[in-house]
Every structure is written in structure tokens, then in C-alpha cells.
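Comments concern the structure below.
All of the numbers you see were taken from the coordinates with simple rules; none came from a lab. As the structure is a prediction and not an experimental result, all values here were calculated from the model. For neighbour counting, all protein chains shown are included, and Cβ atoms are generated from backbone atoms with ideal geometry for every residue, glycine included.
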Amino acid sequence: MRSRELTPREVVVLANVAEGLTNQGVAGILNLSPQTVKAHLDHVYSKLDACNRSHAVALGFRMGVLK
């Protein structure tokens, strides 16, 4: 069974999304490609069973992943 725990990088990506940044904005800050940010977010959605970025952020706060 695959781990449902977010990696440190996924947490950082999600935290930047929580600040309102777009994938392009997160990519610029973390020196990643926008496609890599999208891949990290896809993993976050899957692990948290989130429908979209807003839902993932809400679940991140609710689960204590984000503070």
C-alpha cells in the first residue's frame, strides 16, 4: 500500500499554494518547472483524496499538515 503521508517537498508546494500562488509562481520560488509542481500537486490530491487545490489546502490545514 502506498504511503498517504506527504513528502517534505509536497508540503512545501502545498504551503505555497495555500499562500495563493499559481503553479508558475511556486515553480519560480522553488526553482522547479511548472510541470513538476503539477506532478507534486497531483500526488498531494491523491494522498489527501482532494478534488482540487482549494480542497487540498483545506484538508492540509484540517489534518495539521499546514499551520
When the stretch 16-42 is checked residue by residue, the ones that are more than 20 Å from LYS67 (Cα to Cα) and in a helix (DSSP H, G or I) are ASN23, GLN24, GLY25, ALA27, GLY28, PRO34, GLN35, THR36, VAL37, LYS38, ALA39, ASP42
Selection over the stretch 54-67 where residues are buried (at least 17 other Cβ atoms within 10 Å of the Cβ) and assigned to a helix (DSSP H, G or I) yields a count of 4
Among ALA50, ALA56, the single one that is over 10 Å from the mean Cα position of the chain (by Cα) and of a type outside the set (S, T, N, Q) is ALA50
Scanning the stretch 6-38 for residues that are among the aliphatic types (A, V, I, L, M) and over 9 Å from the mean Cα position of the chain (by Cα), the one surrounded by the most Cβ atoms within 10 Å (Cβ to Cβ) turns out to be VAL26
